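Q: This is the structure I want to talk about, given as structure tokens.
The values are calculated or read from the model by the stated rules, or taken from the named source; none is laboratory data. Worth saying up front: this structure is predicted, and the values here are computed from it rather than measured. For neighbour counting, all protein chains shown are included, and Cβ atoms are generated from backbone atoms with ideal geometry for every residue, glycine included. These accessible areas exclude ligands, DNA and RNA; they are computed on the full protein's heavy atoms, side chains included. Shrake-Rupley method; radii C 1.70, N 1.55, O 1.52, S 1.80 Å.
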Amino acid sequence: IQVGNNSFFVQNLDVQADSYDEGNVIGNAIAKIAKFDIETEHISKLDEFELFDGIWTGNQYEYVSLGTFKLFEEQGTDDFFSSVTAYDKLINFNVEYNPSTISFPINLYNFLVEISRQAGVELSNASIPNGNQMLQSNLFVEGETLKQILKAICQINGCIGIISQDKLKLLLKGTETLNLSKYQISNPEYKRNTWAINQVVLGMSDVDGEYVLRQNAEDIQKNGVHKLVINDNPFVY
């Protein structure tokens, strides 16, 4: 890890970057988690740091940046080492939304820019699918966090929110290509079958029968129903 001009080696590194929440991907914005052990004497320097992973290329290690992380929790394991849990910059969105800094009406893209600015994270997207949709007034008055609003934006745009190169990115299927060398990958483990979404339901969870449904009947007949349910999303209205 790199803190300013200082580097520290860590042990037992485990990075979790799962975009699934109860089987769903679309509409999620889940921070990457880094867990590792480090000499206790370095803990006081760790508030925010850049994490690198070393990849053996055959004759030397090549260090690849995994991004900036913020210390969340540390626990001493003995007199010399502590176990650390840290999150990437998506943790910055876990604060209450402040509507007073935003002038309405505003389109959805610029609203997302303002939400990201409140979190102190730069937005890398130049556009989003429903970015021109106008918001005439503030929709969030119940003390919502920036994370809740971000997830609602991701959901209605068919995206997931991730941090890539320390910037917020709303990721769509097929919009990014990554070339990997052989030494950077191992054999994949397939954990589940995936299917195209063939039914989308927009609704209100507390009102029976209050929903709109769009579906691909031909694909449903062939592959069964694989649906995306979007309930209580303020941007739907």
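Q: Checking the structure you have, find out if any residue of the range 126-144 is open to solvent by 30 Å² or more (accessible area, probe 1.4 Å), of a type in the set (D, E, K, R) and at pLDDT 95 or above.
A: Quick first cut of the range 126-144, residues open to solvent by 30 Å² or more (accessible area, probe 1.4 Å) only: 126-127, 129-130, 132-134, 136-139, 141-144.
With of a type in the set (D, E, K, R) added as a condition, the list becomes 142, 144.
Okay, now just the ones that are also at pLDDT 95 or above, so 144.
Yes.
Per-residue answers, yes or no, for (1) surrounded by 10 or more Cβ atoms within 10 Å (Cβ to Cβ); (2) in contact with an Asp or Glu (Cβ under 8 Å, 6 or more places away or on another chain):
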{"residue": "163", "(1), (2)": "yes, yes"}
{"residue": "169", "(1), (2)": "yes, no"}
{"residue": "172", "(1), (2)": "yes, no"}
{"residue": "177", "(1), (2)": "no, no"}
{"residue": "194", "(1), (2)": "no, no"}
{"residue": "202", "(1), (2)": "yes, no"}
{"residue": "211", "(1), (2)": "yes, no"}
{"residue": "225", "(1), (2)": "yes, no"}
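Q: Does residue 182 satisfy the condition of being under 25 Å from residue 2 (Cβ atoms) and surrounded by fewer than 17 Cβ atoms within 10 Å (Cβ to Cβ)?
A: Numbers: under 25 Å from residue 2 (Cβ atoms): no; surrounded by fewer than 17 Cβ atoms within 10 Å (Cβ to Cβ): yes.
Criteria not met by residue 182.
Q: Regarding residue 114, is this residue open to solvent by less than 50 Å² (accessible area, probe 1.4 Å), free of Cβ contacts under 8 Å to residues at least 40 places away in the same chain and either touching a strand residue (DSSP E or B) at 6+ places or on another chain (Cβ under 9 Å) or among the β-branched types (Val, Ile, Thr) (or both)?
A: Working: open to solvent by less than 50 Å² (accessible area, probe 1.4 Å): yes; free of Cβ contacts under 8 Å to residues at least 40 places away in the same chain: yes; either touching a strand residue (DSSP E or B) at 6+ places or on another chain (Cβ under 9 Å) or among the β-branched types (Val, Ile, Thr) (or both): yes.
The answer is yes for residue 114.
Q: Now for a separate question. The conditions are (1) over 22 Å from residue 24 (Cβ atoms); (2) touching a helix residue (DSSP H, G or I) at 6+ places or on another chain (Cβ under 6 Å), and residue 156 fails exactly one of them. Which is it?
A: Going through the list (1) over 22 Å from residue 24 (Cβ atoms); (2) touching a helix residue (DSSP H, G or I) at 6+ places or on another chain (Cβ under 6 Å), residue 156 breaks only (1).
Q: Would you please list the contacts, defined by Cβ atoms under 9 Å and residues six or more apart or on different chains, that run from a residue in the range 94-106 that is more than 21 Å from residue 31 (Cα to Cα) and touching a residue at least 12 places away in the same chain (Cβ under 8 Å) to a residue that is open to solvent by 90 Å² or more (accessible area, probe 1.4 Å) and in a helix (DSSP H, G or I)?
A: 101/117
Q: Please find, within the range 65-79, the residue that is least open to solvent (accessible area, probe 1.4 Å) out of those that are under 15 Å from residue 33 (Cα atoms) and charged (D, E, K, R).
A: Going residue by residue through the range 65-79, those that are under 15 Å from residue 33 (Cα atoms) are 65-74.
So of that shortlist, the ones also charged (D, E, K, R) come out as 70, 73-74.
Working: 70: 60, 73: 101, 74: 86 Å².
Across the range 65-79, the extreme among qualifying residues is 70.
Q: If you take the residues of the range 25-64 that are touching a residue at least 60 places away in the same chain (Cβ under 8 Å) and part of a strand (DSSP E or B), which of them is least open to solvent (accessible area, probe 1.4 Å)? Even if it seems obvious, please write down each step before you answer.
A: We begin by selecting, within the range 25-64, every residue touching a residue at least 60 places away in the same chain (Cβ under 8 Å); these are 25-32, 55-58.
With part of a strand (DSSP E or B) added as a condition, the list becomes 29, 55-56.
Values: 29: 3, 55: 35, 56: 132 Å².
Checking each candidate, the answer is 29.
Q: Turning to a different aspect of this structure: Looking only at residues that are among the charged types (D, E, K, R) and under 24 Å from the mean Cα position of the chain (by Cα) in the range 172-222, which one is modelled with the lowest pLDDT? Don't jump to the end; show me each part of the working.
A: From the range 172-222, those among the charged types (D, E, K, R) are 173, 176, 182, 189, 191-192, 206, 208, 210, 214, 218-219, 222; that's our starting set.
Among the residues that remain, those that are also under 24 Å from the mean Cα position of the chain (by Cα) are: 173, 176, 189, 191-192.
Working: 173: 68, 176: 64, 189: 81, 191: 77, 192: 74.
Here the answer is 176.
Q: Let me ask another. What are the residues in the range 124-182 that are part of a strand (DSSP E or B) and farther than 20 Å from residue 32 by Cβ, if any?
A: Taking the range 124-182 first, the residues part of a strand (DSSP E or B) are 134-135, 145, 160-164, 167-171.
Passing the criteria: 134, 135.
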